[in-house]
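Working notes, beginning with the structure itself.
The values are calculated or read from the model by the stated rules, or taken from the named source; none is laboratory data. All of these numbers come straight from a predicted model, not from anything done at the bench. We place every Cβ from the backbone using ideal geometry, glycine too, and count neighbours over all the protein chains shown. Just so you know, the surface numbers come from the protein's heavy atoms only, side chains and all, with ligands and any DNA or RNA stripped out. Shrake-Rupley method; radii C 1.70, N 1.55, O 1.52, S 1.80 Å.
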Amino acid sequence: METVNQTTGKDVLLPDDTIEAFRAKAADTPHPRELIVDLLRAIQDHHGWVPDAGIELAAQTLGLSPLQIEEIATFYDKIYRQPVGRKVIHLCDSICCWTTGGEQVAELLRDKLGIGFGETTPDGVFTLLPTCCLGACGDAPAMMIGLTTYGRLTAEKIDTILREIRQQID
């Protein structure tokens, strides 16, 4: 994955062919706003997060204003508007999770990772973020890492999950 254009020295937020594919989709749809989340996710998947230049790129690509893009980017907690670790831990802070031990899970994660909410571990692996609901109430307390939801969290389960993820990265 190229992140810096060797000629211009600028960040490559998306490959040109991906941008052109989104432009073509936008031209073929009566409502290009429908593509905002997909385009922001593509930028984030390629770049790691969505910087201001990504908002501008999305606006230009879809023929919308930067404000229209920013409204969507800041609404969704899984679109990152600042740098994050390689793995983002979304800890559910809904009432179901908190009444089943979510507060203890939060404390455990903060202690194990050595960071607070909104922070990234010094090695850049994990970012810890609260999220209002993961839809895993039956498996509370729960967290999501990437696209995987982990429920009925215990100290042992969290240790195993973090260890396995670190092994995958190494």
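Among the residues of the stretch 144-152, are any of a type in the set (Lys, Arg) and open to solvent by 80 Å² or more (accessible area, probe 1.4 Å)?
Among the residues of the stretch 144-152, at least one is of a type in the set (Lys, Arg) and open to solvent by 80 Å² or more (accessible area, probe 1.4 Å), which makes the answer yes.
Given the criterion in contact with a Leu (Cβ under 9 Å, 6 or more places away or on another chain), under 20 Å from Cys133 (Cβ atoms) and assigned to a helix (DSSP H, G or I), identify the matching residue among Gly118, Gly101, Gly54.
The unique qualifying residue is Gly101.
Would the stretch 134-143 turn up any residue that is within 20 Å of Arg166 (Cβ to Cβ), in a strand (DSSP E or B) and in contact with a strand residue (DSSP E or B) (Cβ under 8 Å, 6 or more places away or on another chain)? So that I can check it myself, show each step before the final result.
Quick first cut of the stretch 134-143, residues within 20 Å of Arg166 (Cβ to Cβ) only: 143.
With in a strand (DSSP E or B) added as a condition, the list becomes 143.
From the residues that got through so far, the ones that are in contact with a strand residue (DSSP E or B) (Cβ under 8 Å, 6 or more places away or on another chain) too are 143.
Yes, the stretch 134-143 contains at least one residue that is within 20 Å of Arg166 (Cβ to Cβ), in a strand (DSSP E or B) and in contact with a strand residue (DSSP E or B) (Cβ under 8 Å, 6 or more places away or on another chain).
Considering the stretch 129-149 alone, what residues qualify as being without any contact (Cβ under 8 Å) to a residue 40 or more places away in the chain and either in contact with a helix residue (DSSP H, G or I) (Cβ under 6 Å, 6 or more places away or on another chain) or of a type outside the set (Val, Ile, Thr) (or both)?
Gly135, Gly138, Asp139, Leu147
Just the residues that are loosely packed, with under 12 Cβ neighbours inside 10 Å and in a loop (DSSP other than H, G, I, E, B), please, taken from the stretch 30-51.
Scanning the stretch 30-51 gives Pro30, His31.
What are the residue pairs meeting all of these: first residue in the stretch 81-104, first residue farther than 16 Å from Phe117 by Cβ, second residue assigned to a loop (DSSP other than H, G, I, E, B), Cβ atoms under 6 Å, and 6 or more apart or on different chains?
Between residues of the stretch 81-104 that are farther than 16 Å from Phe117 by Cβ and residues that are assigned to a loop (DSSP other than H, G, I, E, B), the close pairs are Arg86/Val125; Cys96/Ala140; Thr100/Ala140; Thr100/Pro141; Gly101/Pro141.
Taking the criterion of being in contact with a strand residue (DSSP E or B) (Cβ under 8 Å, 6 or more places away or on another chain) and either open to solvent by less than 30 Å² (accessible area, probe 1.4 Å) or not in a strand (DSSP E or B) (or both), would at least one residue in the stretch 58-72 satisfy it?
No, the stretch 58-72 contains no residue that is in contact with a strand residue (DSSP E or B) (Cβ under 8 Å, 6 or more places away or on another chain) and either open to solvent by less than 30 Å² (accessible area, probe 1.4 Å) or not in a strand (DSSP E or B) (or both).
Any chance you could count how many residues in the stretch 113-138 are of a type in the set (Gly, Ala, Ser) and buried (at least 19 other Cβ atoms within 10 Å of the Cβ)? So that I can check it myself, show each step before the final result.
Initial filter on the stretch 113-138 (of a type in the set (Gly, Ala, Ser)): 114, 116, 118, 124, 135-136, 138.
Cutting the leftovers down to buried (at least 19 other Cβ atoms within 10 Å of the Cβ) gives us 136.
Of the residues in that region, 1 qualify.
Tally time: how many residues in the stretch 15-24 are assigned to a helix (DSSP H, G or I) and either in contact with a Leu (Cβ under 6 Å, 6 or more places away or on another chain) or touching a residue at least 24 places away in the same chain (Cβ under 8 Å) (or both)?
Selection size over the stretch 15-24: 4.
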